[in-house]
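Read the figures in this text as sums done on the coordinates, not as results from a lab. None of the values given here were measured: they were computed from a predicted structure. We place every Cβ from the backbone using ideal geometry, glycine too, and count neighbours over all the protein chains shown.
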Amino acid sequence: MSAAGDGQAVLRIERTFSAPASKVFEAWTSPEVMRRWWHAVHSWETPLAEVDARVGGAIRLVMRNPADGTEYAGRGEYTLLDPPRRLAFTWAWESEPSAHQLIEVEFLDHGDRTTVILTNAGLPEAEKDDYRDGWQNAFDNLDVALAG
């Protein structure tokens, strides 16, 4: 997806969470839990999370900036579900439906800790740092959601 010169980037982020793999995997497939962490800015919220956690099932999330009410909605389709080891889904922002991404997540089980390796492919090269910041913030939120 990221052939040289096509303007697309691949982002890889690794983070270890203080929770077993089954709980971290569930945080990626439970609409209730996703609403608590899936937003790219700490002060934002996720009012909508729709998940049909099966291969071919849909995922749709809406992030909202509560300061001005701006919403950022995206959707995709699960291409892989292997609990609690791996999942993958396609992704496109509803404002840019032709800009397809692939999000792959690997969960490495260390007993009471789990290392998540996220690969987000198909990103606009000019926005790679923004995506990195957004995922890092979302992972901070996930840390809090897993602790609570």
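Some notes on this structure:
- The gain in end-to-end length when the Ala73 to His100 segment is fully stretched comes to 8.3 nm, 0.36 nm per residue minus the alpha carbon separation.
- Simple label model, 7 Å out from Cα along Cβ direction - Ile13 to Arg86, nm: 2.1
- As a length-normalised measure over Cα pairs under 8 Å and 6 or more apart, the relative contact order of the stretch 8-147 settles at 33 percent.
- Potential extension, Asp112-Leu48 segment - 0.36 nm per residue separation minus Cα distance: 20.1 nm
- Table column - 3J(HN,Hα) (Hz), the stretch 110-125, Karplus curve with 6.51, -1.76, 1.60, x for Gly and Pro: 10, x, 8, 10, 9, 9, 9, 10, 9, 10, 10, 9, x, 7, x, 3
- Listed options for log10 I(q)/I(0) by the Debye sum over Cα atoms at q = 0.12 Å⁻¹ are [x] -0.54; [y] -0.61; [z] -0.47. The value calculated from this structure is the one marked [z].
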